[in-house]
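Here is the structure we will look at.
Rule-based calculations on the coordinates, nothing more; no lab input. Please read all numbers here as calculations on a predicted model, not as lab measurements. We place every Cβ from the backbone using ideal geometry, glycine too, and count neighbours over all the protein chains shown.
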Amino acid sequence: MKNYKNPDENGYYGEFGGAFVPEMLFPNVEELQNNYLNIIESSEFQEEFQDLLKNYVGRATPLYFAKNLSEKYETQIYLKREDLNHTGAHKINNALGQALLAKKLGKKRIIAETGAGQHGVATATACALLGLECIVYMGEIDIARQAPNVARMKMLGATVIPATSGSKTLKDAVNEALRDWINNSTTTHYIIGSVVGPHPFPDLVARFQSVISEEIKAQLKEKIGRENPDYLIACVGGGSNAAGTFYHFVNEENVKLIAAEAGGFGVDSGKSAATTFLGTLGVLHGSKSLVMQTEDGQVIEPHSISAGLDYPGIGPFHANLFKEKRAKFFSINDDEALKSALELTRLEGIIPALESAHALAILEKKAFGKDDVVVICLSGRGDKDMETYL
Ligand SMILES: *Cc1c(COP(=O)(O)O)cnc(C)c1O
């Protein structure tokens, strides 16, 4: 089996990845490329990080056998409960890891960008804990749409700066963050929130999220006597919860991988975020991957009911899994995700994030055998989505 887990020394997963940044950013990116592995693999870093994951984030998260859901779909369904993490999703695993890394690099100032505000909240949380200055760029429109998360970030001590150019959403916030990073390169680390961006970010984020699959292995061993499930299912926005869920299984042939993308109103509707169906090879936010774009390379505005999946690209790790057919990608529409969210709530008493509901909707799309062990990553909780659900 090929090695799907980590990129080559230039940051490529097959033909995807690399580092495409303006020359002014070379020093920042190179500093990270040269240092990230040494630092994060050191025992000093790992001791501190593992202690925080356990005592601050609340890990290990449970691997919960969902009996009622399993009965309905006549298979063996386990939910990896990332919704039970501090701040309500998997994003804190990466935000804490990168904030710690920034400290080791001697940085005192953190910048981040956020769309729905989940990554902004996780970053502001990590910065409050570790005593780092935190600036979050956010599109002006998103600031208005996501008021509760903006309030959280402010209470945590972050400065939220509106991006007022372009469509005033996530991609414009990314541009503002990059501009800031160019101007403040020696003092500042840019915490990217998914397995996207120039090398080494996709690998860095995947490693921090890989705690998810590390725990699944140990938990399955304890519960069913074997480490490997038959299927792993996760939703994909940029792809960080999916990369974390797949990481320690991706080179194991007998584990089948399923990714759920946001179909929006449907892949042919013109209002979708299903990048593997609609995307072509291009460069977005510093790496070569699949991108939703016009023939002349203009990024197409994506649509999903879930803000966390509303992204016109996909990380290079996943683009490679798609191209090599190592993972199977399904597109889940808004209405299908809503139906699955309500179903989980009523059958198991768990209100999932809208993003995670896309992973659950796979159960309606594909039949599994009655003895198949199916692990679904429940990436986050649904509190933030109550208005949409109602
Ligand atoms: C941000 C988010 C996602 C999507 O991001 P990935 O990087 O694809 O994991 C999924 N679920 C939740 C709960 C999120 O907050």
Hull-based mean projected area of region 125-250, where the convex hull spans the alpha carbons, in square nanometres: 9.8 nm²
Which order results if VAL375, VAL267 are arranged by neighbouring Cβ count within 10 Å, fewest first? VAL267, VAL375
Just to confirm a number: summing +1 for Lys and Arg and -1 for Asp and Glu over residues other than ILE258 whose beta-carbon lies under 10 angstrom from that of ILE258, what do you get? +4
Any idea what angle helix 91-104 forms with the longest principal axis of the chain, computed on alpha-carbon atoms, 0 to 90 degrees, nearest 10? 30 degrees
Want the number for THR159 to ARG226: 0.36 nm per residue separation, take away the alpha-carbon distance, what's left? 19.4 nm
Compute the helix-to-body angle for 26-40: its Cα long axis versus the longest principal axis of the chain, expressed 0 to 90° and rounded to tens. 50 degrees
What base-10 log of the normalised intensity I(q)/I(0) is obtained for region 186-294 from the Debye formula, alpha carbons as equal point scatterers, at q = 0.13 Å⁻¹? -0.59
Which distance in Å, rounded to a whole number, links the C-alpha centroids of region 366-387 and region 79-147? 24 Å
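Is there a quick way to get the dipole size of region 249-371? I mean about its Cα centre, with the Cβ of Lys and Arg at +1 and of Asp and Glu at -1; what is the value in debye to the nearest 20?
340 debye
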If you look for lysine pairs in region 276-370 that are eight or more places apart or on different chains, how many of them have Cα atoms under 19 Å apart? 8
For q values of 0.33, 0.34 Å⁻¹, compute log₁₀ I(q)/I(0) with the Debye formula on a Cα-only model of region 322-365, without solvent. -1.14, -1.18
Straight-line reach from LYS217: which aspartates and glutamates have Cα under 14 Å away, leaving out those fewer than 8 places along the same chain? GLU227, ASP230, GLU252
Can you list, by residue number, the Cys in the chain that have no neighbouring cysteine C-beta under 4.7 Å? CYS235, CYS377
Zero-based 5 Å bins, Cα pair distances in region 335-387, whole percents: 5, 21, 30, 25, 12, 5, 2, 0
Between ARG109 and GLU44, how many nm apart are label points set 7 Å from Cα along the C-beta direction? 2.5 nm
Classified through the alpha carbon gyration tensor (a ≥ b ≥ c as square roots of its eigenvalues; rounded if a/c is under 1.5, else prolate when a/b is larger than b/c, else oblate), the chain comes out rounded
Excluding PHE322 itself, what net charge comes from residues whose Cβ is under 12 Å from its Cβ, given Lys and Arg +1 and Asp and Glu -1? +1
Looking at the chain, what % of its DSSP beta bridges pair antiparallel, to the nearest 5? 30 percent
Average the reciprocal distances over every distinct pair of alpha-carbons in region 118-184, invert the result, and give the Kirkwood radius in Å. 11.9 Å
Restricting to Cα pairs below 8 Å that are 6+ residues apart, what does the relative contact order work out to for region 194-255? Please round to a whole percent. 39 percent
With no solvent term and unit scatterers on the alpha-carbon positions of region 3-91, Debye gives log₁₀ I(q)/I(0) at q = 0.15, 0.19, 0.21 Å⁻¹ of -0.91, -1.02, -1.05
Report D for region 62-170 in µm² per second (integer): Stokes-Einstein, Kirkwood Rh on Cα pairs, 4 °C, 1.567 mPa s. 85 µm²/s
With Cα coordinates, the longest principal axis of the chain makes an angle with the long axis of helix 170-183, in degrees rounded to 10, of 40 degrees
Footprinting proxy, HIS285, HIS90, HIS248: sorted fewest to most Cβ within 10 Å, the residues are HIS248, HIS285, HIS90
Cβ charges +1 (Lys, Arg) and -1 (Asp, Glu), total dipole of the chain, debye: 580 debye
Quick one: among LEU178, LEU338, LEU347, which has the greatest mean-square fluctuation in a GNM of the chain with alpha-carbon springs under 10 angstrom? LEU347
